[in-house]
Structure formats: structure tokens, C-alpha cells
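Reviewing the structure listed below.
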Amino acid sequence: MGTNSNSSSGADISSFSSLLYSYIGGLGAFILFSPFYRSRKSWWDALAARQVIYILRVLISIEIFLCLPLLYCAIDLGYPVSYPLSSYALPYGTKSATSWIFGYGRPCTGIVTIGIGLFGELHPGPRIVCVIGSLFQTIMDSFSIVAVDAYAVQVKQFSAPQGLYNTQLLGYYSYRDVVSIIINIWICLLCSHLSNTVGWTHPPYISYMSIVGGDVNRCDVMRRQRLTRNHHKQKISREVLSARDQESQNLLSSVADNALRVEEDNRAILDLPGGGRGRESGVTPAASTSGLTVTDEHD
């Protein structure tokens, strides 16, 4: 009797320590990440609500992932303890588990109720359901920690039947419950904070379009508009410069064509009879040609 009482008291102390660390961890995580719940100007504007929604979705996704091992254990491994709490039947290690904590109830309820919080920005209803679901999961995980830790002590010290579980798997089961409690407390507090920001009733303080839209930060909007105008001006400047370059190239090509045409005309004049006389006299072909023309008229 003394040994049994000592082992049960040791299990109770271990369970109490796990629960205490879990609750403190959830509250501490919410406080530690509080700088990410606000915008540059306020805790209660649309940009702050958007950041809270993003963090809330990440936490809900983690909690849904943590519910999947429970569902696997309920389907394939059965109960982790021989006499589970919240059970109206006592078969050990059966796949048709009737315990709410160690059967299908806890994971399925958590996935549905907490998963609704993914749409918390649409209406206060999903946020309220998510808060209730996270509180319910916290209570169920707390019962699970107490039961699993106590049974793990019985397995180690008194060779209690393990079924398909070993002591290492029981430890993983308990660690999962600890992490789940931390996440659920964080979700509950964060969802409540989001409801305080957006509103617990409908219509909300901040509209859905303001939260999901891109014009919640006036400074960012002005910066984007300025960049757009500068880009437009640069584009126009490039077009003007390209047009000027094209005109310059056309002008240069026309000048070159004219010079080539004049050179061809001069060559043609030099090839005429008597065209070399102008070159010998030091007169340009154009002047020599004019002189020939005048001489012919005089004659």
C-alpha cells in the first residue's frame, strides 16, 4: 500500500508539473509574441487584425496536425490506458474505442471546432466556436496528461499491461498533450484578442474588406502610388529618348545620303569632257561647270 501511494503521489506531482508548465507556456507564448499583434500605429487597426489572423491560422494548422496522431492511435492502437476516463465501456486496447478522450471524440471535435477558426475574419461566430473548442481541447488534454502519466508510472514500476504501447510511446503521447495545451491556450487568447479588435458581434468594428484589402496602411499606399508614378515617368522618358534617338539616326542617315549623292554628282561631273580643267585650275567641279556654261553662252 505504501508503495502504491508513493507511486500515485509521484505520478500526481509529475502530472501537476506538466499541466503547470503547459499553462504557463501557453500564456507566456501569447505574451512573448505580443509585439507581432500590432501595426506601426495601433493594436486595433485593420493591419494589426490582419497580422493576428495570420498567426492564428498558423496555430490552428499546428493544432489540427497535432490531432491527427490521436486519430491514428484511436483507429489503430486503441487506448493508451487500461481504464480510461470519460468512458462508458472498459475494453482495453480495442479499436472500437468508446472513450471521448482516447477515442474518436477528442481529435474529431478539435479538428472541426478549432478548424472553423480559419474563417474567423468573416464573422464572430467562427471565432466564438474556436474559443469554445480550444477551451474544450485544453480540458481534455489535461485529463489525458493525468491519466497517461499515472499509467506510465504503473507500467514502469508494477508492470501494468501495455497493449500496443510501450513506455516511450506513452511519453510521446504525454508530450503531445503538453504541446497541444500550449497551442490551445494560445489560440484561445489570440482569438479573444482578435474579437476585441474586430468585434464580438455583427456588424464588426473593422470590415472584412478592410482586413483582407491592400489599402489598410496609408503610408504603404502612398509609397506604391509614388513608385507607380515614377515608373510611368521613367517609361515616358525612355520612350521620348528612344524617339529622339530615332530622329537623330534618321537625320544622320539623311545627311549621309545627301553627302553620298553630292559625291556621286561630283564624280559624274568630273567624268564629263573638260571636267578635269576645273581640277587643274583649282576650281571646284561646281564652279568649273558654271564657267563652262557661261563660256558657251558667250560664244
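Summary of values
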item	result
Residue identified as under 20 Å from the mean Cα position of the chain (by Cα) and at pLDDT below 90 among PRO80, PRO35, PRO84, PRO91	PRO35
Selection status of TYR172, of a type outside the set (A, V, I, L, M, F, W, C) and modelled with pLDDT under 85	no
Single residue of the stretch 17-53 satisfying the filter (part of a helix (DSSP H, G or I) and hydroxyl-bearing (Ser, Thr, Tyr)) that is surrounded by the fewest Cβ atoms within 10 Å (Cβ to Cβ)	SER17
Positions within the stretch 54-65 being more than 13 Å from LEU194 (Cβ to Cβ) and surrounded by 20 or more Cβ atoms within 10 Å (Cβ to Cβ), in sequence order	GLU63
Residue check, SER237 under 20 Å from GLY120 (Cβ atoms), at pLDDT below 75 and among the polar types (S, T, N, Q)	no
Matching residues in the stretch 95-115 - criterion: being part of a helix (DSSP H, G or I) and either buried (at least 18 other Cβ atoms within 10 Å of the Cβ) or of a type outside the set (A, V, I, L, M) (or both)	GLY105, ARG106, PRO107, CYS108, THR109, GLY110, ILE111, THR113, ILE114, GLY115
Every residue from the stretch 124-175 that is farther than 20 Å from PRO69 by Cα and of a type in the set (Phe, Trp, Tyr)	PHE158
Test for SER5: is it modelled with pLDDT under 90, exposed (fewer than 13 other Cβ atoms within 10 Å of the Cβ) and hydroxyl-bearing (Ser, Thr, Tyr)	yes
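To keep it simple, each residue is scored yes or no on (1) in a helix (DSSP H, G or I); (2) surrounded by 10 or more Cβ atoms within 10 Å (Cβ to Cβ); (3) modelled with pLDDT of 75 or more.
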| residue | (1), (2), (3) |
| --- | --- |
| LEU252 | yes, yes, yes |
| ASN258 | yes, yes, yes |
| ARG261 | yes, yes, yes |
| ASP265 | yes, yes, no |
| VAL283 | no, yes, no |
| GLY291 | yes, yes, no |
| ASP296 | yes, no, no |
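Matching residues to (1) under 21 Å from PHE102 (Cα atoms); (2) surrounded by fewer than 20 Cβ atoms within 10 Å (Cβ to Cβ):
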residue: GLY133; (1), (2): yes, no
residue: MET140; (1), (2): yes, no
residue: ALA147; (1), (2): yes, no
residue: ALA150; (1), (2): yes, yes
residue: GLN157; (1), (2): no, yes
residue: ILE181; (1), (2): yes, no
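The values are calculated or read from the model by the stated rules, or taken from the named source; none is laboratory data. Computed from a prediction, not measured in an experiment: that's the story for all the values here. Don't worry about glycine lacking a Cβ; one is built from the backbone with ideal geometry, like all the others, and counts go over all protein chains shown.
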